[in-house]
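Visitor: Before we start, here is the structure in question, set down as structure tokens.
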Amino acid sequence: MQYRDAYRTALDSFAAADPGEMARAAGGSYQKQVNRVELLYLGRTCSISHPQGEIAVSGWPEVSPEEKIIILQYLSGATGAQPRGRWLSFLELKGGAHHFAPFQREAIFPLARRFGNNPEEFREAARSLGGTPIPLGHAGMMIQAFPHLLLGFILWTGDGEFPASANVLFDAAAEMYLATSSLYMLGIAVTRRLLRFPEQPDYDWYNAAL
């Protein structure tokens, strides 16, 4: 019920917005002839019909309910603000402390468990989503979730004294596009795609058992 209500609200906001202006502010384009907004999502072309809000991502099966909500919210709330080049941890987001424990369980801890002893596979997984290296941690990768919304995934490998650890960071401009509750969903959604590497791009990771 919660996701259904959130999706309906996001779809209504998307449908009510001017598609050309929305696409411009989001860093995408509007294909007027077919009434579709196009933009990059995790390095792939994402097409959204307007006003219906039907979403297709190149090479993937149907995106998850959370991703549908996030994509529609990003578009309808787009401000045109460019990335700030300054990273924020989830705790530094507005109200982030209230959701930090579940964010750790769903995103941060799984990254450390999955890639803690294999930083090169972590880099390859991030590259499969359009990621590029950044000089943070033992292995840091920046992933452009949307044209103006960047995520940082950081890994510290373990040793005999300390276990592996990880973190998920958000460019400071992220809060100008999505509320913290939506950044929470986005961080988890991208993490799940990283954890599914090296499955084929058309693997239905969301509907398969984790």
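The values are calculated or read from the model by the stated rules, or taken from the named source; none is laboratory data. Note that the structure is predicted; figures quoted are calculated from it, not measured. Methodologically, a virtual Cβ is constructed for each residue, glycine included, from the backbone with ideal geometry; neighbour enumeration extends over all protein chains shown.
Visitor: Could you give me the residue pairs with C-beta distances under 9 Å whose first residue belongs to segment 43-62 and is basic (Lys, Arg), whose second residue is in a loop (DSSP other than H, G, I, E, B) wherever it lies, and which are 6+ apart or on separate chains?
Guide: Arg44/Ser58; Arg44/Gly59; Arg44/Trp60; Arg44/Leu129; Arg44/Gly130; Arg44/Pro201
Visitor: Looking at segment 69-90, can you tell me whether even one residue there is closer than 17 Å to Ala172 by Cα and free of Cβ contacts under 8 Å to residues at least 40 places away in the same chain? Walk me through how you get there before you give the answer.
Guide: Taking segment 69-90 first, the residues closer than 17 Å to Ala172 by Cα are 74, 77-90.
If we keep only those that are free of Cβ contacts under 8 Å to residues at least 40 places away in the same chain too, we end up with none.
Among the residues of segment 69-90, not one is closer than 17 Å to Ala172 by Cα and free of Cβ contacts under 8 Å to residues at least 40 places away in the same chain, which makes the answer no.
Visitor: Please count how many residues of segment 58-79 are closer than 19 Å to Ala10 by Cβ, not charged (D, E, K, R) and not in a helix (DSSP H, G or I).
Guide: Summing the residues that are closer than 19 Å to Ala10 by Cβ, not charged (D, E, K, R) and not in a helix (DSSP H, G or I) in segment 58-79 gives 5.
Visitor: While we're on this one: Looking for whichever is closer than 29 Å to Ala25 by Cβ and crowded, with 19+ Cβ neighbours inside 10 Å here; the options are Ala112, Ala145, Ala125, Ala172. Which one fits? Before you say what the answer is, go through the steps one by one.
Guide: On the way: Ala112 fails: closer than 29 Å to Ala25 by Cβ; Ala125 fails: closer than 29 Å to Ala25 by Cβ; Ala172 fails: crowded, with 19+ Cβ neighbours inside 10 Å.
Going through Ala112, Ala145, Ala125, Ala172 in turn, just one is closer than 29 Å to Ala25 by Cβ and crowded, with 19+ Cβ neighbours inside 10 Å: Ala145.
Visitor: Something else now. Of all residues in segment 93-118, which are in contact with a Gly (Cβ under 9 Å, 6 or more places away or on another chain) and modelled with pLDDT under 95?
Guide: Hits for segment 93-118 are Gly116, Asn117.
Visitor: Cβ-Cβ below 7 Å, separation at least six or inter-chain, first residue in segment 1-24 and surrounded by fewer than 20 Cβ atoms within 10 Å (Cβ to Cβ), second of a type outside the set (S, T, N, Q) and not in a helix (DSSP H, G or I): which pairs?
Guide: Leu11/Gly53; Ala15/Pro51; Ala15/Gly53; Gly20/Tyr30
Visitor: If I filter segment 29-41 for residues that are closer than 19 Å to Ala174 by Cα, surrounded by fewer than 20 Cβ atoms within 10 Å (Cβ to Cβ) and in contact (Cβ under 8 Å) with a residue 24 or more places away in the chain, do I get at least one hit? Don't jump to the end; show me each part of the working.
Guide: Let us first name the residues in segment 29-41 that are closer than 19 Å to Ala174 by Cα, namely 39-41.
The next check asks that each one be surrounded by fewer than 20 Cβ atoms within 10 Å (Cβ to Cβ); those that pass are 40.
Going one step further and asking which of them are in contact (Cβ under 8 Å) with a residue 24 or more places away in the chain, we end up with 40.
Yes, segment 29-41 contains at least one residue that is closer than 19 Å to Ala174 by Cα, surrounded by fewer than 20 Cβ atoms within 10 Å (Cβ to Cβ) and in contact (Cβ under 8 Å) with a residue 24 or more places away in the chain.
Visitor: Among the residues that make up segment 134-144, is at least one of them assigned to a strand (DSSP E or B), under 21 Å from Gly96 (Cα atoms), out of contact with any Gly (no Cβ under 7 Å at 6 or more places or on another chain) and touching a residue at least 24 places away in the same chain (Cβ under 8 Å)?
Guide: Checking segment 134-144: not a single residue is assigned to a strand (DSSP E or B), under 21 Å from Gly96 (Cα atoms), out of contact with any Gly (no Cβ under 7 Å at 6 or more places or on another chain) and touching a residue at least 24 places away in the same chain (Cβ under 8 Å).
Visitor: Among the candidates Arg196, Arg192, which residue alone is surrounded by fewer than 23 Cβ atoms within 10 Å (Cβ to Cβ), closer than 15 Å to Ala112 by Cα and within 11 Å of the chain's Cα centre (by Cα)? It would help to see each step written out before you state the result.
Guide: Details: Arg196 fails: within 11 Å of the chain's Cα centre (by Cα).
Matching residue, one of Arg196, Arg192: Arg192.
Visitor: Which of the residues belonging to segment 21-52 are under 30 Å from Thr132 (Cβ atoms) and outside any strand (DSSP E or B)?
Guide: Those that are under 30 Å from Thr132 (Cβ atoms) and outside any strand (DSSP E or B): Glu21, Met22, Ala23, Arg24, Ala25, Ala26, Gly27, Gly28, Leu42, Gly43.
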